[in-house]
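The values are calculated or read from the model by the stated rules, or taken from the named source; none is laboratory data. Quick caveat: nothing in here was measured; it's all calculated off a predicted structure. Neighbour counts run over all protein chains shown; Cβ positions are idealised from the backbone, glycine included.
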Amino acid sequence: MKSIDIVVATEQSYINPPASHWRAIQVVQEDNAVVEAFQKLGFHAIRKGWDDPDFCWDESKCVLIRTTWNYSENFDKFQSWLNQVNKSCHLFNSLPIIQWNINKNYLHDMEQKGVNVVPTVYASSCISLKEVMKARNWPEIVIKPVVSAGALDTYLISYHDVEKYQPLFEKLVMEKEMMVQPLQKNILQSGEKSCIVFENRFSHAIRKIPKLGDFRVQEVYGGKVEAYMPNEEEKKFAEKAIACAPYPVQYARVDFTQDQDNNPVLMELELIEPELFFRFDTQAAMRLARTIQNCLVKNSKI
């Protein structure tokens with residue numbers, strides 16, 4: 001008999017962070033909001049680091065992936081952990097959707113299904129960034145790995161500076177597959193918007209605005225996060241994006257901005273460990289917990 005109903009998975013560095021680390025403390029608070037929501041529903045729920053070498057995952061019925069944000073730096077180990085957990089636990093989101101979403105090549109699938117996606121060139125070997133920019137008429141580009149989180153190894157490059165960045169790009173592409181996209185200038189003015197959706201139902205939304213002089217919206221780079229109320233077009237865009245996923249999705253964050261024609265354009269569809277910004281909606285953690293509960297009941301797992 002398994003002793004734990006649900007483990008909310010984080011990473012070890014977020015288990016007992018120093019009080020001075022505001023970002024980590026924020027992570028703990030948001031993770032704990034989900035744990036407490038599960039407990040209110042009668043589940044025995046705890047929080048553990050996916051990279052905890054001493055924890056026995058076989059003791060849990062269900063694992064909810066939340067703030068495992070160091071996975072891209074430990075990719076093989078994380079993949080092995082996912083496979084191990086999936087053998088003995090009910091995993092959320094499911095392993096097939098994680099495997100599809102873990103590589104940003106999924107954006108090509110979304111585009112093929114009619115979702116407005118930022119144009120992307122994928123590079124698994126060396127290409128000339130200058131030639132890409134000339135051929136596509138892109139005055140500024142963003143390069144980043146196809147497997148990454150938190151803007152790691154992400155750079156904004158202008159045509160004037162492209163030759164200076166070519167050696168760095170060549171070094172990166174020798175280590176990992178990369179992607180090249182045109183800068184979405186609306187991010188600089190109106191930010192990146194995110195709709196959080198649980199089981200195909202809109203929950204809440206936020207907007208991330210980069211600090212002046214930067215293009216990265218993450219708080220760690222000085223970005224600002226605020227509550228946001230999307231219009232109906234934006235909600236429908238988010239719902240369409242999720243509907244195009246190849247497997248059922250229990251939680252998602254749809255990141256988008258406006259393209260040059262002022263239409264929503266998909267930046268990323270986050271289905272593995274998206275920050276869900278519970279601090280902007282006090283009922284959101286309970287909505288997620290009920291979503292997982294409903295799925296477990298439907299699949300006769302509880």
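Looking only at residues in the stretch 40-55 that are buried (at least 18 other Cβ atoms within 10 Å of the Cβ) and among the hydrophobic types (A, V, I, L, M, F, W, C), the one that is farthest from Glu11 (Cα to Cα) is Phe43.
Residues in the stretch 42-51: is at least one modelled with pLDDT under 95 and not basic (Lys, Arg)? Scanning the stretch 42-51 turns up no residue that is modelled with pLDDT under 95 and not basic (Lys, Arg).
Taking the conditions (1) touching a residue at least 40 places away in the same chain (Cβ under 8 Å); (2) within 20 Å of the chain's Cα centre (by Cα); (3) more than 17 Å from Phe215 (Cβ to Cβ) in turn, Val173 satisfies each one other than (2). Of all residues in the stretch 111-153, those satisfying the criterion of being outside any loop (DSSP other than H, G, I, E, B) and in contact with a Pro (Cβ under 8 Å, 6 or more places away or on another chain) are Met133, Arg136, Glu140, Ile141, Val142.
Filter the stretch 235-272 for residues that are part of a strand (DSSP E or B) and of a type in the set (A, V, I, L, M, F, W, C); which is nearest to Asn101 (Cα to Cα)? That would be Leu269. Has the stretch 168-177 got any residue that is outside any helix (DSSP H, G or I), buried (at least 17 other Cβ atoms within 10 Å of the Cβ) and aliphatic (A, V, I, L, M)? No, the conditions are met nowhere in the stretch 168-177.
On the basis of being touching a residue at least 60 places away in the same chain (Cβ under 8 Å) and part of a helix (DSSP H, G or I), does Leu288 make the cut? Against the criterion (touching a residue at least 60 places away in the same chain (Cβ under 8 Å) and part of a helix (DSSP H, G or I)), Leu288 qualifies. When the test is whether a residue is assigned to a helix (DSSP H, G or I), over 30 Å from Ile141 (Cα atoms), out of contact with any strand residue (DSSP E or B) (no Cβ under 7 Å at 6 or more places or on another chain) and not acidic (Asp, Glu), Ser13 passes it. Screening the candidates Asp58, Asp31, Asp54 for the property of being closer than 21 Å to Ala252 by Cβ, acidic (Asp, Glu) and not assigned by TED's automatic domain parsing to the domain that holds Tyr251 yields one hit, Asp31.
Checked against the criterion of being surrounded by 15 or more Cβ atoms within 10 Å (Cβ to Cβ), at pLDDT 95 or above and charged (D, E, K, R), the candidates Glu131, Glu140 yield just one match: Glu140.
Across the stretch 217-243, the qualifying residues are those that are modelled with pLDDT of 95 or more and touching a helix residue (DSSP H, G or I) at 6+ places or on another chain (Cβ under 7 Å), and the one among them that is farthest from Gln189 (Cα to Cα) is Ala241.
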